[in-house]
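S.K.: Take a look at the following structure, please.
The values are calculated or read from the model by the stated rules, or taken from the named source; none is laboratory data. What you are looking at is a predicted structure, and each value in this text was computed from that prediction instead of being measured. Heads up, the Cβs are rebuilt from the backbone with ideal geometry, glycines too, and the neighbour counts pull from every protein chain shown. Keep in mind that these areas ignore ligands, DNA and RNA; they rest on the heavy atoms of the full protein, side chains included. Shrake-Rupley method; radii C 1.70, N 1.55, O 1.52, S 1.80 Å.
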Amino acid sequence: MYADFGLLTADEEIGADLTELFNYLTTGYKPRRKYKHLLVAPVSLKDSLIDKIEREITHRENQKFAHIQMKMNALEDADITRALYRAARAGVRIDLLIRDTCRLRPQLAGLTDSVRVVSIVGQFLEHARIYYFANGNQPEYWMGSADCMKRNLESRVEVLVPLLEESIQLEVRSYL
């Protein structure tokens, strides 16, 4: 049985982004502008996640709160994994909730001391993908379809959408 999240929004900018994405998928017409809110693979998603990981490193170096949580089925993309290793070496707290493959080894002395990995295998196929970045106490939450797998980030159309409303962020926070 699948366990997943859904999001309904009346946000006009997110709606415009989704309309543009839908039009691209149904007509093949390539959009000219960047999405205002969505992170879309294979266009911007991977680079954006790496940028967010690097931003947490900078926050940590500047003595600000730095924390990354990712919930997904698999972490196997080499570039994302390398970025997370850099973050771990910098002392960023990293919590990964991974159902299947995880290429990041936690609790290696001097390398990934700040990393915790929890496997969530049970009667439900945990399908929700959630990404949290503390962002120096200005938290960002993202959810969507993408695992951190090379095929999801480079060869498929996958989307992450920001969770902008504080009430939804608090609900997802409690879930994580």
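S.K.: Contact list please: Cβ distance under 7 Å, first residue in the stretch 74-95 and open to solvent by 30 Å² or more (accessible area, probe 1.4 Å), second residue in a helix (DSSP H, G or I) and of a type in the set (Gly, Ala, Ser), pairs at least six apart or on different chains.
M.R.: Between residues of the stretch 74-95 that are open to solvent by 30 Å² or more (accessible area, probe 1.4 Å) and residues that are in a helix (DSSP H, G or I) and of a type in the set (Gly, Ala, Ser), there is no close pair.
S.K.: Right, something else. For the stretch 144-167, enumerate the residues that are without any contact (Cβ under 8 Å) to a residue 60 or more places away in the chain and assigned to a helix (DSSP H, G or I).
M.R.: Quick first cut of the stretch 144-167, residues without any contact (Cβ under 8 Å) to a residue 60 or more places away in the chain only: 145, 151, 165-167.
Matches in the stretch 144-167: ARG151, GLU166, SER167.
S.K.: Tell me which of these ASP4 doesn't satisfy, since it passes every other one: (1) in contact with a His (Cβ under 9 Å, 6 or more places away or on another chain); (2) farther than 25 Å from ALA134 by Cβ.
M.R.: (2)
S.K.: Here's something else I'd like to know. Return the residues of the stretch 148-170 that are over 17 Å from PRO42 (Cα atoms) and surrounded by fewer than 14 Cβ atoms within 10 Å (Cβ to Cβ); say none if nothing qualifies.
M.R.: Hits for the stretch 148-170 are GLU165, GLU166, SER167, LEU170.
S.K.: Shifting gears a bit: Determine which member of the set ARG116, ARG55, ARG89 is over 17 Å from the mean Cα position of the chain (by Cα), farther than 18 Å from GLU158 by Cα and among the basic types (Lys, Arg).
M.R.: Working: ARG116 fails: over 17 Å from the mean Cα position of the chain (by Cα); ARG55 fails: over 17 Å from the mean Cα position of the chain (by Cα).
None of the others qualify; the one that does is ARG89.
S.K.: Still on this structure, please answer the following. Looking at the stretch 117-147, which of the residues that are at pLDDT below 95 and hydroxyl-bearing (Ser, Thr, Tyr) is most open to solvent (accessible area, probe 1.4 Å)?
M.R.: SER119
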